[in-house]
Every structure is written in C-alpha cells, then in structure tokens.
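See structure below.
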Amino acid sequence: MKVSNIILALAASLAAISCGGKSGSEKNVVNDSSVTAVVSLNSEYYFSGLYEFGNDTSFLTERATGRKLGVIGNKVTESLESSCDTLFGDVSRVELKARGYIREIVHKGDIHDCVYLTYVENVSKYGNETFVPLTGEYKGNGSYLKIEDDHTCCLETESENCEGEWFMSNDTLLYMNLDSTSYIYDVHAGNDTIVNHKQRDIILVRQ
C-alpha cells in the first residue's frame, strides 16, 4: 500500500471517531432510525429595574413590564450585597441593569415567574423613580402593535397579522422577532411613542 493511501485511511478513521462523539448537553433523538442531536436554547433578555433582596429572597421589578420577578441564583445576590455594602451602605433596594433568562418555577403546585441572571451590567442607588412600563397597545401608520408583559407581541398591518416575541437591547432599543421578520424600535422617554429605528416616519403612539 502506498504511503498516501495509508495516510488517507488513517485520516478517515480519525474523522469517524471524532464525529461519533457528542457533548454532554446534547440529547439523542431517534426518528425513522436516524439519530439527531437536539440542543435546547432559551432567549436571553436585557433587564433593568428595581432589585430588592433580603436574607433568603430577592426580586426584580422589571422596568419594561412592571412585573415583579423572583430572582434565581444566590451567587448574584451575594455579589450585589457585597457591592452595596461597600458602595451604598446598608440598603436592600438598588437599580439594576443585567442580562438573563425568564423561567417558570413550579413550587408546591404554584407557578412563579422568575429570572435567572447571567451577567450584571450595572448597580446603582435606588432613586424612587416611577417606572412607566413599555407594555400596552400602540397605533400609527396603519399599524397596531400589542406588547404583552410575558415578552410576546402581536403586530397587525393592512397586509399582515403576525405574532412573536420582544426584548430590550438596552433601556431605549426594542427588538421584535415576528415570524420571519425582525423589527427595531426606539423607545421614547415616557414610552408614549415608539419609532421605527430605520424608517423614522413610522411612529406608533400609545393608546
């Protein structure tokens, strides 16, 4: 056997071995005798609002919806408490900007809306600011948009009616994924109007 053929045979064997492996996060699903790797992904959101914490519980009142969410993750709470003791004194309420995932937790038959924080961007003093939730109904330019507090939304125009999800990139940028189309809106102060980020003449006014 030629040297080149031996090298090709060894390469093929190594490729077969490496392709046969799978990460621990994958699951094998058998469908029509074929095996497929399935990876479950959750949407990561930007959150800002009032963060309240105690000895054994913590909550985030989300600015964009007004919902009070339980916060999962003792390490995040410990980190915030340590920072607040140093920077702000003995406080239990702070303004928080962070990213994470929305999850439903079932406890003793009850379902609780919670957030699992993955990254804390900023912690500052709570200033008794009144939140104006983004959620609600908006109209303009022949369009009707309904933003729900569970991060779902519905957009109706003269030519289409579609549903999807929304999330914030920061406190002023609203992203919406509707069917196969994505939209970006600028959220104005007070949330009375939202304006299409690219087409500035498309203005939706709160009803």
**OP:** Go through the range 167-200 residue by residue and tally those that are free of Cβ contacts under 8 Å to residues at least 40 places away in the same chain, not polar (S, T, N, Q) and not in a strand (DSSP E or B).
**Re:** 7
**OP:** Scan the range 64-92 residue by residue and report those that are open to solvent by less than 50 Å² (accessible area, probe 1.4 Å) and charged (D, E, K, R).
**Re:** ARG67
Original post:
Across the range 160-198, which residue is nearest to the chain's Cα centre (by Cα) among those that are among the acidic types (Asp, Glu) and closer than 21 Å to THR130 by Cα?
Top reply: ASP171
Original post:
How do the pairs read when you match residues in the range 112-131 that are part of a loop (DSSP other than H, G, I, E, B) with residues anywhere that are open to solvent by 80 Å² or more (accessible area, probe 1.4 Å) and not hydroxyl-bearing (Ser, Thr, Tyr), using Cβ under 7 Å and keeping only pairs 6 or more apart or on different chains?
Top reply: TYR126/ARG93
Subject >> Residue ID - surrounded by the most Cβ atoms within 10 Å (Cβ to Cβ), chosen from residues in the range 93-139 that are aromatic (Phe, Trp, Tyr) and under 13 Å from PHE47 (Cβ atoms) >> reply: TYR116
**OP:** Quick one: in the range 160-181, of everything that is over 23 Å from GLU121 (Cα atoms) and in contact with a Gly (Cβ under 9 Å, 6 or more places away or on another chain), which residue is least open to solvent (accessible area, probe 1.4 Å)?
**Re:** LEU178
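The values are calculated or read from the model by the stated rules, or taken from the named source; none is laboratory data. Being a predicted model, the structure only gives us computed values, none of them experimental. When we count neighbours, we look across all protein chains shown, and the Cβ atoms used for this are built from the backbone with ideal geometry, even at glycine. Heavy atoms of the whole protein, side chains included, go into the accessibility calculation; ligands, DNA and RNA do not. Shrake-Rupley method; radii C 1.70, N 1.55, O 1.52, S 1.80 Å.
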